[in-house]
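The values are calculated or read from the model by the stated rules, or taken from the named source; none is laboratory data. Everything numeric here is computed off the predicted structure, so don't read it as measured data. As a convention, Cβ positions derive from the backbone with ideal geometry for all residues, glycine included, and neighbour counts pool all protein chains shown. These accessible areas exclude ligands, DNA and RNA; they are computed on the full protein's heavy atoms, side chains included. Shrake-Rupley method; radii C 1.70, N 1.55, O 1.52, S 1.80 Å.
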Amino acid sequence: MTSQVTALIEKARAARRNDRLDEARHAAWQALEAAKANADGPGISSAQAMLGQVARDCGDAPEAISWYTAAAEGCRQRNATRSLAHALRHIGDIHLDLQQLEKAEPLYEEALQIYRTQDDLSPLELANAIRSVALLKSQQNERASAIDLWREARSLYEATGIQPGVEECSDWLHRLDGREDRQPDPS
């Protein structure tokens, strides 16, 4: 990615974090235009994914899906597998939010398969992907699969020290299994 595109995407991220969505959208559009002008494939996909996230933040699921799908297509063409998995997971998350479980499932399966083949993937990235699939399986009433996935995600969240993730996994395990104890709060 060019330095200009990287800076604009970072500007969009910062605006999103501060709930300035119009500013985030504007910066993402500028990033997309700059990336297209420079034939910067990774920059185009990153800007499209950012536009998808902003659309999702604004509650526009169809627009978000459209942007993330465009990003995923570009990633697939360039064989940018990690970015592809990220885009697929987010499309799946939107479908899950819309209770379109049958649309979310193949996206999650492909994303998780890609994530599991990445040697240098952070445990947090893997935990987040597993969490999404665990939510899906929980909603599909696939109890045994969901329990296994929640346990795996909890272990990864524990390893990275992400206590809210540990607590969410423990809560789901308690709901699904009834025998899992919630981890005590260390404070």
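Does any residue of the range 105-114 turn out to be among the acidic types (Asp, Glu) and closer than 17 Å to Thr81 by Cα? Checked the range 105-114: at least one residue is among the acidic types (Asp, Glu) and closer than 17 Å to Thr81 by Cα.
The residues of the range 131-144 that are in a helix (DSSP H, G or I), farther than 15 Å from Glu167 by Cα and either open to solvent by 50 Å² or more (accessible area, probe 1.4 Å) or among the β-branched types (Val, Ile, Thr) (or both), listed by number, are Val133, Gln139, Arg143, Ala144. Among the residues of the range 62-99, those that are of a type in the set (A, V, I, L, M) and either open to solvent by 20 Å² or more (accessible area, probe 1.4 Å) or modelled with pLDDT under 95 (or both) comprise Ile65, Ala70, Ala80, Leu98.
Looking at the range 163-172, can you tell me whether even one residue there is over 19 Å from the mean Cα position of the chain (by Cα) and buried (at least 22 other Cβ atoms within 10 Å of the Cβ)? Among the residues of the range 163-172, at least one is over 19 Å from the mean Cα position of the chain (by Cα) and buried (at least 22 other Cβ atoms within 10 Å of the Cβ), which makes the answer yes. For Asp148, are the conditions met, namely being surrounded by fewer than 17 Cβ atoms within 10 Å (Cβ to Cβ) and at pLDDT below 95? The answer is no for Asp148. Scanning the range 22-52 for residues that are part of a helix (DSSP H, G or I), open to solvent by 30 Å² or more (accessible area, probe 1.4 Å) and either in contact with a helix residue (DSSP H, G or I) (Cβ under 9 Å, 6 or more places away or on another chain) or at pLDDT below 95 (or both) yields Asp22, Glu23, Arg25, His26, Trp29, Gln30, Glu33, Lys36, Pro42, Ile44, Ser46. Within the range 139-149, is there a residue that is in contact with a Cys (Cβ under 6 Å, 6 or more places away or on another chain) and either under 30 Å from Cys58 (Cβ atoms) or not small (Gly, Ala, Ser) (or both)? Within the range 139-149 (the criterion being in contact with a Cys (Cβ under 6 Å, 6 or more places away or on another chain) and either under 30 Å from Cys58 (Cβ atoms) or not small (Gly, Ala, Ser) (or both)), the answer is no, since none of the residues qualifies.
Pick from the range 113-130 the residues that are among the small types (Gly, Ala, Ser) and part of a helix (DSSP H, G or I): which of them is surrounded by the fewest Cβ atoms within 10 Å (Cβ to Cβ)? Residue satisfying both the conditions and the ranking: Ala127. For the residues Glu180, Glu102, Glu158, Glu110, the requirement of being over 24 Å from Trp67 (Cβ atoms) and either modelled with pLDDT of 95 or more or crowded, with 19+ Cβ neighbours inside 10 Å (or both) singles out Glu158.
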